[in-house]
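Below is one structure, written out as structure tokens; comments come after it.
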């Protein structure tokens, strides 16, 4: 039995994601598709539009056999840690291939750059640091360092999926070089592009549409499979909302107002006295976008700040993040959280269990690992904007068996 | 110019409070009535039904000449600290009298017991401690210790206003014995009694009425002066609500979910591993009353727990509270916050200024004292449940000149 791994967020699941799953299966000729998926909060530092259980169902309904949660503590870090954790879990799950979407669409330049980056790491890091000091953004500094090290490359490392792809390659080099990585060209509007277009729109365009005043969720040109639309509709009916940062702004504001500067300075990512800036700006901001744009400078990307805000919201200190990242890099992450599976996925697990040292967790228990305790807590916070009794019922899902189809 | 001091919360201002002000003026024959008033949060560990600015206006409209804020950090402590801070401020304001309402209505037993308590403090404290260990509530333990020390007394120290009165007496003995204390019998339903009755109902009964489904705020039998009713109406129209713990439950829940046990253990009043109990019960409670009754035991009074919840909500650690209480007992509290005044009140201040070492603060500044920074923060949290733009406008009141009439 061969397995192919994909690394996803599905915010929400659309035709581009369907194409990705289909191509992964075709290109790898694998029997099983395993998706590593971010949970309630995403790598760009945002709450997912609908919860992880709904998004896992979307994946299963469209060809994935197993959906595994990428623990929150890794999912909301920058691309290198996010990618390392995802590839680490896929290696635990003994996949033969990993197939990712990228703007580039060719795997060779990824391999080439990843090798150079790994070989010349100190020089590379020094170059990036120097550019950052001159006020350049991280993607730009990255691009410049590579240009210096390897001359011209066809890989545009200012594009988000190319950046992630390179991080996957680097992780694979460190974790297990026998896993074969392949990329497919994203057949859709670019990540940041905001207009709906047939047949595949970007997730950003879909979210913008869903958050418009009166979206009709059954329209054809949403570029989403019907089942995915139905699951979105069901969730909103039950929860009463699609989740956005606006729903968490009162909580973020409350914490920034009540935490001391000393407490805030201990939050992961709170560098260069940012706590003073946040404390000051929260008093002058009426909503989340207001706050974000008041805090933004050339120095920090939007994603970087949003990730920081998530760490504040979830009270995740540098100490906590370092502890878990350290566990990851020393190979002590051994629990794998299953969110959903098909019968084929279940068969694969049965095959894997006697051949693997990891523990598969279908539902959280009171004495779950520290990593999963953070996931349970992230769920509790994620559902806070929902009124009772739905809030409590949704929270129980973490403590219930995974979805099987 | 003679001044009489009163210590109040006005939650909300009713006919009983009017009677108190009138009697204070008559009994003391003073020219000026000075009210020390709790701010946004009250001694029983609750948010005030309307903000401190509205309640200060109510006081000025009904005979008070000067309304001074009792800093939050003292207002939400048990009766001895609450009373000490209030009497301390009244002493700074050089009042000649303090007149308080009590269930007893006679001052002699208060003097008698306060003297004995101060003289035999170690024995008294040991007796109270022993009773608490046996599981008695604090008021009961208090009563028992007194009975042991002085035999039978006509003062029932299970009644809340008698308890506070005794605390005022004890504070006066320590701060300045030349201030004359006097008490008047409360002419109203007892504090905890919940039915509206003519002509003076309890504040509890009035609040219950206001929080009923459809209260008509112009009805006569509310036992409140018309001006007070009008101010209540205006506030609710502007803010969109009367404040209750329900409005802060999502924030309390959020903090209890995200703070670590270690962080919670540092909160003032978090004794005997209560943090474990709170963490556990918050997961099983759907609203504030649910939570309160899940946490309640014979060991803790409702007020004691609500004060603890307020300390959690406002993130006030034992270290912070001890720092400020220590400042109070060593006489380092020198800033006095004015919320409202009449012309006579202003004249009295003009008379006082050259004869006093305290600083009068009409509006907060960025570099206000640490005590007032806590008040500003308490205001920010207090107004959080209010939608924009009203929320921001109300918060600006702390940074605007006091109300003058």
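Readers should treat all values here as calculations from the given coordinates under stated rules, not as data from a laboratory. Being a predicted model, the structure only gives us computed values, none of them experimental. Please note: Cβ atoms are built from the backbone with ideal geometry, for glycine as well, and neighbour counts cover all protein chains shown.
List of remarks:
- Residue B:327-residue A:120 FRET efficiency (beta carbon distance; Förster radius 51 Å; 0.05 resolution): 0.30
- Using the alpha carbons alone, the radius of gyration of segment A:245-322 stands to its Kirkwood radius in an Rg to Rh ratio of 0.92.
- Extending 7 Å from the Cα toward the beta-carbon at both residue B:358 and residue A:29 defines two label points whose distance is 8.8 nm.
- Taking N as its residue count, the alpha carbon Rg of chain B over 2.2 N^0.38 Å: 0.95
- Value of D in µm² per second that Stokes-Einstein yields for segment B:68-199, Kirkwood Rh from Cα pairs, at 20 °C (1.002 mPa s): 137 µm²/s
- Potential extension, residue A:80-residue A:290 segment - 0.36 nm per residue separation minus Cα distance: 72.7 nm
- Segments B:389-397, A:275-283 sorted - mean Cβ within 10 Å per residue, highest first: A:275-283, B:389-397
- Ascending list, in nanometres, of distances separating the residue B:260 label from those of the other copies (7 Å, Cα toward Cβ): 1.6
- P(r) of the protein assembly as shown over all Cα-Cα pairs, binned every 10 Å from zero, in whole percent: 2, 12, 20, 20, 15, 12, 9, 7, 2, 0
- Stokes-Einstein D for segment A:269-361, Kirkwood Rh over Cα pairs, 4 °C, 1.567 mPa s (µm²/s): 77 µm²/s
- Mean separation of Cα pairs under 8 Å and 6 or more residues apart, divided by the residue count, gives chain A a relative contact order of 22 percent.
- Across the identical copies, how the residue B:112 labels are spaced - nm, sorted shortest first, 7 Å along Cα→Cβ: 9.9
- Legend: mean number of C-beta atoms from other chains within 10 angstrom of residue C-beta atoms, peptide A:373-384, equals 2.
- For peptides A:233-239, A:352-358, A:30-36, sequence by mean Cβ density within 10 Å, most packed first: A:30-36, A:233-239, A:352-358
- The relative contact order of segment A:15-109, computed from alpha carbon pairs under 8 Å that lie at least 6 residues apart in sequence, is 30 percent.
- Take each peptide in A:100-108, B:302-310, B:320-328, B:360-368, count the other Cβ atoms within 10 Å of every residue, and average; sorted highest first, the result is B:302-310, A:100-108, B:320-328, B:360-368.
- Label spacing, shortest first and in nm, from residue A:365 to its equivalents in the remaining copies (7 angstrom along Cα→Cβ): 6.1
- Panel values: segment B:41-126, Kirkwood radius from alpha carbon pairs, Stokes-Einstein at 25 °C and 0.890 mPa s, translational diffusion coefficient 160 µm²/s.
- Whole-number percent relative contact order across segment A:245-322, with pairs defined as alpha carbons under 8 Å at least 6 apart: 41 percent
- Peptide A:248-256 - average C-beta neighbours from other chains (10 Å radius): 4
- If you plug the beta carbon distance of residue A:227 and residue A:176 into 1/(1 + (r/R0)^6) with R0 = 30 Å, you get a FRET efficiency near 0.30.
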